[in-house]
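No lab work stands behind these numbers, since they all come straight from the coordinates. Since this is a predicted model, take the numbers as computed values, not measurements. Methodologically, a virtual Cβ is constructed for each residue, glycine included, from the backbone with ideal geometry; neighbour enumeration extends over all protein chains shown.
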């Protein structure tokens, strides 16, 4: 690539927000180049290995902020390669949330009902499957039994996993070696490539400027494929339309760094960040009590001891996803697996003396790791995250050659957020400690702040220019031709895993981007089938596309 | 007093041993306080991991060891503790005092918190994931942390598969408002 490269559309990032428009726009006839800062890994490169430098650290990023740390994907396919593929749709009440602004924060045109056809498109395209009790892992089954024992319901979660191929290795965070996880590497991205889209891995976008003819020039660095701290080159590419989909932890940073060249950014760029209200609790299961009280046992005679077996989250409790409850008192409680390394350091000894995250007592609970059950709390936070000044490159000062960095995000949880966390913690304790079945403690927020695997809302859609960076069609306010289609565009916490909603919003954004390209003289059409050729989902949105994003 | 390198190593070992403590390797082992039975982070390879360039903390280790000993001297002075001059100051602290000092260094608001948290993170990783070794090799070699956590060997090709993974029973009622897509309403 040289300094004068030119294309119709540059897409920054190849997760859901990048891959979905890449496919549709390429299929519609546009010239599309995707710049992805992470490596392009093949299935055979996905390893079961915690060694630094294995796919686990190559494909993942962990950015420590001030009060909030963010885990995200860093590879072609983005979060879809490293995530756990739970794909519930957001409950109705989420779209009516007021959050911190005192009035509805979603655009008036968006409700669960109006998003439903776009959810259907994603569901057809990945595809998403429902699960039954034969699919859920021991950990999911145990969580269901615990919920049932305390008078609650529990649901096997819908997932983008081919359960017939899944070997329950619980190495999903390092990429799926068996192509069982339906990451974007298995659907939208190969279809985009087949239609001529170009994907440039290890291209980290620095900033965007506007050039004389109204087009945009995107400046990037090329980073070393092993040591992401090292730069091996740089360049630019010009485009009529730029789509930024670098993830909620990086998209606003690119725009902040571009402000000098592009002009003033909307106030909400880099503000209103949400960690999806996330929090983790770790329970230590009393195996014998579970046998006595719940009557559970495995074929090999063990009761549980299966923390390491499975496929991320398989079962969730949704009893508090009740729209009649006040805001900040609604949440889901989902069984989750968290790998060691990052997944044990923050776990605290239940009922122990301080310090509870390190020391001799902590070592004793590490020895019971196979009897851990991790519960993931997704609550309603207050969009209180704010990004400070951008680092010189990327979205963090990289510490390690891969994965670990220090970023400019500041998050100071409000009383509303703390209230939601404390209610969800108490509910977890009530379920898990009933009849002595387990001991549970929340992860500490004192070491790396709160912790999210689902960063959202740092450049969000909305009706109000003061509190949203994007028009409801995902176009950046006052900067026509720049769109944001990733997790940053989601207005706030969803109380469930957000990938399905991020993907549905990206699908919904495409007709508006097609219109923007056509207005700039690009001969592109909308209406591609699902990546595998299915047209069921296309039929459903055919009429909607005429109004979406208008 | 030992050479600079020995001071650095034993100071960092004492830090690692504070994060995941273990039993003494030999009589007169000062770096390891002996606060927990069985091997801890030091025997699990904490120093090897910290000296792995990929962590990004390796070049800072001499500074961190020196700073830790300075903090230990101040800690001891504030409490009128007499430290054994034959060991680096942090090593000379009791396990309880090492723990109290590490708590304060990693607490919210401490100006050097980032560095001490990074050090703790990698010490913990040496025990719980042996990030300085291929996982399958570490298990085959009997890595004490992975074994303590209950890891079993992978299949011959180095991959884990669990054909038995489910109780295969209905274990709860579904939420009554579940939609046909399997989502909440």
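Translational diffusion coefficient of the protein assembly as shown (Stokes-Einstein, Kirkwood radius from Cα pairs, 25 °C, 0.890 mPa s): 94 µm²/s.
Working from label points 7 Å from Cα in the Cα-to-Cβ sense, the residue B:173 to residue A:397 distance is 5.5 nm. With 0.36 nm allotted per residue and the present C-alpha distance subtracted, the residue A:130-residue A:211 stretch has 24.4 nm of extension available. Axis of helix A:16-27 versus longest Cα principal axis of chain A: the two differ by about 40°, to the nearest ten degrees.
So for each of B:127-134, B:110-117 I average, over its residues, the number of other beta carbons within 10 Å; can you give me the resulting order with the highest mean first?
B:127-134, B:110-117
Remark: A:169, A:459 ranked as A:169, A:459, counting other beta-carbon atoms within 10 Å and listing the fewest first. Peptide B:125-132 has a mean of 6 when you count, residue by residue, the C-beta atoms of other protein chains within 10 Å of its C-beta. Per residue, the average separation of C-alpha pairs within less than 8 Å and at least 6 apart gives chain A a relative contact order of 25 percent. In degrees from 0 to 90, rounded to the nearest 10, what is the angle of the helix B:4-19 Cα long axis to the longest principal axis of chain B? Tilt relative to chain B: about 40 degrees. Note on the protein assembly as shown: helix-only mean residue ellipticity at 222 nm, from DSSP H runs of 4+ residues weighted -39500 (n - 2.57) and normalised by residue number, equals -8000 deg cm²/dmol.
In this structure, residue B:80 and residue A:230 have a Cβ-Cβ separation that, at R0 = 45 Å, corresponds to a calculated FRET efficiency of about 0.35.
Per-peptide packing, taken as the mean over residues of other Cβ atoms within 10 Å, places A:39-51, B:171-183 in the sequence A:39-51, B:171-183 from highest down. In terms of its C-alpha gyration tensor, the stretch A:1-149 has an oblate overall shape, because the principal axis ratio a/c (a ≥ b ≥ c, square roots of the eigenvalues) is not below 1.5 and a/b does not outweigh b/c. From least to most packed, judged by other beta carbons within 10 angstrom and beginning with the fewest, A:294, A:470 follow the order A:294, A:470.
Look at A:254, A:399, A:461 and count the other Cβ atoms within 10 Å of each Cβ; fewest to most, that gives A:399, A:254, A:461. From the square roots a ≥ b ≥ c of the eigenvalues of the alpha-carbon gyration tensor of the stretch A:182-239, which class results: rounded (a/c under 1.5), prolate (a/b over b/c), or oblate? Here the stretch A:182-239 falls in the oblate category. Using C-alpha pairs below 8 Å separated by at least 6 residues, the relative contact order for chain B is 22 percent.
One Cα centroid belongs to the stretch B:122-152, the other to the stretch A:174-235; the line between them spans 34 Å. Label separation (residue A:194 vs residue A:525): 1.8 nm, computed from points 7 Å beyond Cα along the C-beta direction. The angle between the Cα long axis of helix A:112-125 and the main principal axis of chain A comes to about 90°, on a 0 to 90 degree scale.
Extension gain, residue A:178 to residue A:288: 0.36 nm times the residue separation minus the Cα-Cα distance gives 36.1 nm. When a/c reaches 1.5 or more, the comparison of a/b and b/c decides; with that in mind, is the stretch A:53-92 rounded, prolate or oblate per its Cα gyration tensor? Taking the square roots of the gyration eigenvalues as a ≥ b ≥ c, the stretch A:53-92 is oblate. Each label was represented as a point 7 Å from its Cα along the Cα-to-Cβ direction; for residue B:107 and residue A:536 these points are 5.9 nm apart. In the elastic network of chain B, a GNM with C-alpha springs shorter than 10 Å, the most mobile of B:156, B:78, B:170 is B:170.
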